[in-house]
Amino acid sequence: MKDLEVINSYLETQASMCFSVLYSRYASKIYGKCLTILKDEAMAEDATQEIFMKIFLNLSRFEEKARFSTWIYSITYNYCIDYLRRKQKQSNVFSDDEIEKAADVAEDDVSDAALMELEVRQLRNILDEMPPGDRTILLMKYQDDMSIREIAGILNKSESAVKMKIKRAKEKAQKLKEEFLPTIR
């Protein structure tokens, strides 16, 4: 059965088996995303359970505007980022308003090729040092191969704001690369 068929069946019958099917399809993916963002196995396990509770309680609100997997990713991303904001009370150098006002086409000083040339070990070290929001947006773009439009929908930001966030995250990655390169070799 496709996701939509399972969802509709669950909404009609409230059969726990239907929700179990969704859980088995997506639990490891959600856990992996939580682990990537939260960087702690216990927190990622707890977050996965909390996210599935949100999915369970809000399944009737799924409107099919996007794929079910995108809807789940959005819930996962928002849950993890909200958790980190509450926990760490991180401060951003740039406010969301400043990012929204950025030019529609941000000039990109760091090419995609420069990021792709990094060895996996180097990339892992650099990503570990980046703030969670920056790390996540780069992973959404390059690991998950999401479009700017999909990322904008998940983050509830304009496409130009997403482009600016990606540009700034790439610049931070480039700086970290330059700092790490002597010690990694």
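The values are calculated or read from the model by the stated rules, or taken from the named source; none is laboratory data. Note that the structure is a prediction, hence the values are computed from the model and not measured. With ideal geometry, Cβ positions are generated from the backbone for all residues, glycine too; neighbour counts draw on all protein chains shown. These area figures cover heavy atoms from the full protein model, side chains too; ligands, DNA and RNA do not enter into them. Shrake-Rupley method; radii C 1.70, N 1.55, O 1.52, S 1.80 Å.
Of all residues in segment 1-12, those satisfying the criterion of being free of Cβ contacts under 8 Å to residues at least 60 places away in the same chain and either hydrophobic (A, V, I, L, M, F, W, C) or open to solvent by 50 Å² or more (accessible area, probe 1.4 Å) (or both) are 1, 2, 5, 6, 8, 11, 12.
Checked against the criterion of being farther than 21 Å from residue 156 by Cβ and open to solvent by 50 Å² or more (accessible area, probe 1.4 Å), the candidates 35, 57 yield just one match: 35. For first residues located in segment 74-90 and open to solvent by less than 70 Å² (accessible area, probe 1.4 Å), partners that are modelled with pLDDT under 85 and lie 6+ apart or on another chain with Cβ distances below 6 Å form the pairs 74/154; 77/154; 84/132.
Residue 106 meets all of the listed conditions (1) modelled with pLDDT under 85; (2) surrounded by fewer than 14 Cβ atoms within 10 Å (Cβ to Cβ) but one, namely (2).
Taking segment 60-73 as the range and being open to solvent by less than 40 Å² (accessible area, probe 1.4 Å) and out of contact with any Phe, Trp or Tyr (no Cβ under 7 Å at 6 or more places or on another chain) as the test, the residues that pass are 70, 73.
Taken together, the residues in segment 154-175 that are crowded, with 21+ Cβ neighbours inside 10 Å and within 12 Å of residue 126 (Cβ to Cβ) amount to 3. Checked against the criterion of being of a type in the set (A, V, I, L, M) and without any contact (Cβ under 8 Å) to a residue 12 or more places away in the chain, the candidates 27, 15 yield just one match: 15. Within the option set 101, 89, 141, being at pLDDT below 70, of a type in the set (Lys, Arg) and under 29 Å from residue 51 (Cα atoms) holds for one residue only, 89.
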